[in-house]
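The values are calculated or read from the model by the stated rules, or taken from the named source; none is laboratory data. Just so we're clear, the structure is a prediction, and the values are computed from it rather than from any experiment. No Cβ is skipped: glycine too gets one built from the backbone with ideal geometry, and neighbour counts run over all protein chains shown.
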Amino acid sequence: MKKKPNFRKRITKKLLSRYRLVILNEENYEEQFFFRLSILNLVIISTFLFSFLITSVLLIVSFTSLKEFIPGYASNLMRKQAVLNASKLDSLTISYNQSLNQLNSIKRVLTGDIKFEEFREREFKLDTENIEVKLNSKKIKGDSLLRSKVEQEDKYNFSININANESFLFFPPVSGYISQKFDPSKKHFAIDIVAKENEPVKSVADGAVIFSEWSSDTGYVIILEHEQGYLSVYKHNESLNYVQGDMVKAGDIIGTIGNTGEYSTGYHLHFELWNDGYPLDPQDFINFSP
């Protein structure tokens, strides 16, 4: 009795057994050509062809524009658009932050919500920035006298230097007697200028009207926004000549002296000057003498 070959030998024999694949003519059954293959050869050839096909497809997709038709794959146009959108988003973020800072500055102007300690801290920082100038100002006597003369001549021709190519000049909004000076310790971030009834109130610089309304406390109020983050505020007016959104030039008549609002004690102009959300003493910048 013959022993059955083991499983391994049987598999090997089937893989190596050769088969004849014949192509016949359908009409006369004449043999056209044939192939002699084993199962092993067929597996090897199939694996090679399949690998070649996969590699070719990957290369074609990777190095041609066909990859753009694959769902979820970003095209060059989409990538450019993504970069452009990121740039726009960055610009919008900067614009939003600037608008937010501007709104906070306007809010401080309208409410006067600033602590004296905070004001003093900012004032100290400004002084320390100019400490080198102050130290270097201690020169010889003749030089000091000349400097004093020049300072007196330029006292009321004040310009705010931002850099070597830019300056900012303010003009008086009205001439008159100052009844109350700038006093941050009492939260009086302005000067009160006594003037005649219905005397014109003028813009201190070119700018845009960002607020022009009636307030029960301060009467008719108009706020102008100028370049380099400056705001000028005019309160207790009898009337206003501009509305929000209007553009004005330095010296334009924006209102008239009045006595409006519960906080008013007579005909005068309550004038404030702010920069980046912090009040400034207008007398350091403008001559209010008649």
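Restricting the search to region 23-48, which residues are exposed (fewer than 11 other Cβ atoms within 10 Å of the Cβ) and touching a residue at least 12 places away in the same chain (Cβ under 8 Å)? Step through it out loud before you land on a result.
At the first step, the residues of region 23-48 found to be exposed (fewer than 11 other Cβ atoms within 10 Å of the Cβ) are 23, 25-33, 36, 46-48.
The one that is exposed (fewer than 11 other Cβ atoms within 10 Å of the Cβ) and touching a residue at least 12 places away in the same chain (Cβ under 8 Å): Arg36.
Only one of Val201, Val174, Val221 is β-branched (Val, Ile, Thr), assigned to a loop (DSSP other than H, G, I, E, B) and either at pLDDT 85 or above or crowded, with 20+ Cβ neighbours inside 10 Å (or both); which?
From the options Val201, Val174, Val221, the qualifying one is Val174.
Considering region 262-276 alone, what residues qualify as being part of a loop (DSSP other than H, G, I, E, B) and surrounded by fewer than 19 Cβ atoms within 10 Å (Cβ to Cβ)?
Glu262, Tyr263, Ser264, Thr265, Gly266, Asp276
In this structure, does Lys235 turn out to be of a type outside the set (A, V, I, L, M), surrounded by 17 or more Cβ atoms within 10 Å (Cβ to Cβ) and in the same structural domain as Val204 (by TED's automatic domain parsing)? Before the answer, list the steps.
Working: of a type outside the set (A, V, I, L, M): yes; surrounded by 17 or more Cβ atoms within 10 Å (Cβ to Cβ): yes; in the same structural domain as Val204 (by TED's automatic domain parsing): yes.
So Lys235 passes the test.
Taking interchain pairs and intrachain pairs at least six residues apart, which have beta carbon atoms under 6 angstrom, with the first residue in region 53-68 and closer than 20 Å to Arg79 by Cα and the second outside any helix (DSSP H, G or I) and at pLDDT 75 or above?
Final answer for the pair search is none.
Return only the number of the condition from (1) over 16 Å from Val201 (Cα atoms); (2) in a loop (DSSP other than H, G, I, E, B) that Ala250 does not satisfy.
Going through the list (1) over 16 Å from Val201 (Cα atoms); (2) in a loop (DSSP other than H, G, I, E, B), Ala250 breaks only (1).
Does at least one position in region 242-258 carry a residue that is buried (at least 22 other Cβ atoms within 10 Å of the Cβ) and among the hydrophobic types (A, V, I, L, M, F, W, C)?
Yes: region 242-258 contains one or more residues that are buried (at least 22 other Cβ atoms within 10 Å of the Cβ) and among the hydrophobic types (A, V, I, L, M, F, W, C).
Is it fair to say Leu49 is in contact with a strand residue (DSSP E or B) (Cβ under 8 Å, 6 or more places away or on another chain), part of a helix (DSSP H, G or I) and of a type in the set (A, V, I, L, M, F, W, C)?
Against the criterion (in contact with a strand residue (DSSP E or B) (Cβ under 8 Å, 6 or more places away or on another chain), part of a helix (DSSP H, G or I) and of a type in the set (A, V, I, L, M, F, W, C)), Leu49 does not qualify.
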